[in-house]
Amino acid sequence: MLTHPGRVLQIALIIGAIVGLVSAPAPAFDAPDIAWAGAGHVGVSAVAVSPDQQLIASSSFEDHTLKLWRKSDGSFVRTLAGEYAGIWSLAFSPDGQFLASGGETNFGSGQADVLLWRVADGTMVRQFNAPSFEVFSVAFSPDGTLLAGGDQNFNAWIWRVSDGALLHTLSGHSFNVQAVAFSPDGQLLATGSGDHTIKLWNVATGGLIRTLTGHTFFVSSVAFSPDGATLASGSWDLTVRLWNVSDGAPIQTLTGHTDIVRSVAFAPDGATLASGAWDSTIKLWHMPGGSLVQTLSAPGDVIYVNSVGFTADSLKLASGGIDGHPRLWQLSSGTLSLTCGHHTGAVHGVAFSADGTLFASGSEDQKIKIWNALTGSDLHTLIGHTDVVNTVAFSPDGALLASGAGSPPPDTVDPTIKIWNISTGGLIRTLPGHAGGTLSVAFSPDGQFIASGGRDTKVRKWRVSDGALMAVFNGHGNWVWSVAFAPGGATIASGSYDATIKIWDFATTGLIRTLGNGSFAVLSIAYSPDGQSIVSGGEAYGNNVQLWRVSDGVLLLTLPGDPDGFVESVAFAPTGQAFFTASGYTFKIQAWRASDGALLRTYDRETGWGPFPVLPLTISPNDRLFGFGRSDATVIMARNPLAADFDLDGDVDLADWSPLSACLTGPATAAPPACASQDLDADADVDLFDAASFQRAFSGAL
């Protein structure tokens, strides 16, 4: 409670700032207000270090994203959204202001397969069109005026960066062009192809100068030495070859890799050549002699290196591989100095602890991460599952976590439920789970039992103390996607692919009521905090969100949800006044007013990318945050915009300022609980920090 008279002026200034925004245009609420992001990748196809050595860029063919990381500490900067298909290659412009990406075409998206992004804000600024299905490699000319790409149609292309004009089509290869590189003087372009050859082209005219032969398999990478005299190439034939640029003569063949060589790069000082391969090693070769200096590897990790690139000072090397972690190596010692990212698979399950301080995420990478919900610190990684982790849930006291796993049959490897000690990260016990995989777990409110649903069409009841199976609930005719306890714990609800929701007596396993009219398969359910209603989301195009009255099974509301994709996650706000829904098919999150189904917010940015239709979502116990997991291996914690929308009219306006202002300036008797809902930062004090949060919401930052 703010009582210090010296802060009255500060309050007045904040009020003035808020009032001054009244005439501002209504903000487009297309991206949530992110508190922190635990980013990751599902495989890394390419990496590069910015010319100023501040950023590492990485791309993924699997999760369809470009990401930026701080080189200093590996912290996540942003995802460059808008690429709707796999990305094979990236390159920084020489001035570091732009990033180019090359990838596959997503038909119907209206988007080219070569894009130009502004690094400062992640905006896509230009598309480079070519009649190709996929572009495997991109490179800027040394002066930054040209961009080259190599494609699936056996061609290379040269565009003018300033306007995207296509200047030259370089034809002559008999298979896809997997690599392109400009010479240091910008006069030559080298292309490496699946036809086992390398070609040198005149950049000014587009004419072929010569063809280099000698590799016996695909040429996957080419790089010029800083003086332009030597060309290096890496190949699927497990070798690195050095060529004399002036006449195309072979100089030397470097051997030692035991799998495909995917990338080669010269250090800017010319003293070292690096090669990265699918044998999970990076080899450093002394130039010009070609002797092996050292081999870099990440102990215990199978990284399958796809890309390597030096920092401008030649002291460090960035790498990326199939394992999903961009890495930075210290060359003087040969040690790994930085690993970026957290999860390396789509995030399928998320949960808050009861006190809101911890957040858990379960992933396709078979791992569970425990996060500090307020700061985003990665506290624990729980390792033990050998299959996709579909669901996670905290015990009411926050001491335990339950997780359920399993890919769909016939690929199910691990269908088990595991119980973990949160403080130590240790595994306490493993329960058999459900044949075909466990899809949902929930602790009873007293913490003594776990309910689970799975692909065996059953709901199961387990005793936490010893893992004993206490009961099986039979009645569903298809996979049980979601289970939820009523607030008191006497009943449990289960949502199934059979298009029904069933409410059970948890003690007797007796069926109390069946909700559903067969309109859509139910993918997610959630009880309202008072237990009087259930919201469900499901597999239908449009009208895929429903609100039910528990007492008699009456359908209260049918909402459009996401007309373009299924709704697979729902969560009630702790106040009961609103609920959130999420669709991993269209990467959209929506907030609805529970009383009448009014749509309050829609987010369609920073909500995921990639081909994996997952977007699990949950709301913090204090209603201030909502967390979700993305298909690009990323966990997002966002500030709940409805926390400042006190009258829940879908708009943070001056009407919402009045109750907060009263709590800020009123007498001490107005302290919580009377002002608890105005405590936006949940620090048990209504103060200037809450006023600042409100100002941000009012100005459209949310």
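The values are calculated or read from the model by the stated rules, or taken from the named source; none is laboratory data. All figures in this text were calculated on a predicted structure; none of them were measured in a lab. Neighbour counts run over all protein chains shown; Cβ positions are idealised from the backbone, glycine included. Please note that ligands, DNA and RNA were not included when accessible areas were found on the heavy atoms of the full protein model with its side chains. Shrake-Rupley method; radii C 1.70, N 1.55, O 1.52, S 1.80 Å.
When Phe128 is tested against (1) buried (at least 22 other Cβ atoms within 10 Å of the Cβ); (2) closer than 26 Å to Trp243 by Cα; (3) of a type in the set (A, V, I, L, M, F, W, C), only condition (2) is not met. For segment 342-361, the set of residues classified as under 20 Å from Asp397 (Cα atoms) and not in a loop (DSSP other than H, G, I, E, B) consists of Gly349, Val350, Ala351, Phe352, Leu358, Phe359, Ala360, Ser361, listed by residue number. Screening segment 68-81 for residues that are in a strand (DSSP E or B) and in contact (Cβ under 8 Å) with a residue 60 or more places away in the chain and picking the one that is surrounded by the fewest Cβ atoms within 10 Å (Cβ to Cβ) gives Phe76. For segment 554-567, check the following and say yes or no: at least one residue is closer than 22 Å to Leu439 by Cβ and either surrounded by fewer than 17 Cβ atoms within 10 Å (Cβ to Cβ) or touching a Gly at 6+ places or on another chain (Cβ under 6 Å) (or both). Checking segment 554-567: at least one residue is closer than 22 Å to Leu439 by Cβ and either surrounded by fewer than 17 Cβ atoms within 10 Å (Cβ to Cβ) or touching a Gly at 6+ places or on another chain (Cβ under 6 Å) (or both). Tallying residues that are under 26 Å from Ala471 (Cβ atoms), open to solvent by 20 Å² or more (accessible area, probe 1.4 Å) and assigned to a loop (DSSP other than H, G, I, E, B) within segment 417-434 yields 1. Taking segment 284-293 as the range and being in contact (Cβ under 8 Å) with a residue 24 or more places away in the chain, part of a strand (DSSP E or B) and open to solvent by 50 Å² or more (accessible area, probe 1.4 Å) as the test, only Leu292 passes.
Being among the charged types (D, E, K, R), at pLDDT 90 or above and touching a Pro at 6+ places or on another chain (Cβ under 9 Å) is a property that does not hold for Lys71. The listed residues are Pro659, Pro673, and the only one of them that is over 18 Å from Glu568 (Cβ atoms), modelled with pLDDT under 60, surrounded by fewer than 22 Cβ atoms within 10 Å (Cβ to Cβ) and not basic (Lys, Arg) turns out to be Pro673.
Of the strands (runs of 3 or more DSSP E) that lie entirely inside segment 435-480, those containing 2 or more residues that are open to solvent by 20 Å² or more (accessible area, probe 1.4 Å) span 459-463, 469-473.
Considering only residues of segment 499-522 that are out of contact with any Phe, Trp or Tyr (no Cβ under 8 Å at 6 or more places or on another chain), modelled with pLDDT of 95 or more and outside any strand (DSSP E or B), which is farthest from Val392 (Cα to Cα)? In this case the residue turns out to be Thr508.
So, in segment 530-553, how many residues would count as being assigned to a loop (DSSP other than H, G, I, E, B) and open to solvent by 60 Å² or more (accessible area, probe 1.4 Å)?
Selection size over segment 530-553: 6.
The set of residues in segment 45-60 that are under 19 Å from the mean Cα position of the chain (by Cα) and surrounded by fewer than 23 Cβ atoms within 10 Å (Cβ to Cβ) contains only Leu55.
Residue-by-condition table, conditions (1) open to solvent by 30 Å² or more (accessible area, probe 1.4 Å); (2) of a type outside the set (A, V, I, L, M); (3) in contact (Cβ under 8 Å) with a residue 60 or more places away in the chain:
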position: Gly186; (1), (2), (3): no, yes, no
position: Thr197; (1), (2), (3): no, yes, no
position: Asn244; (1), (2), (3): yes, yes, no
position: Ile251; (1), (2), (3): yes, no, no
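Considering every residue within segment 155-176, establish whether at least one is of a type in the set (D, E, K, R) and more than 27 Å from Ser631 (Cα to Cα). Checked against the condition, which is being of a type in the set (D, E, K, R) and more than 27 Å from Ser631 (Cα to Cα), segment 155-176 yields at least one hit.
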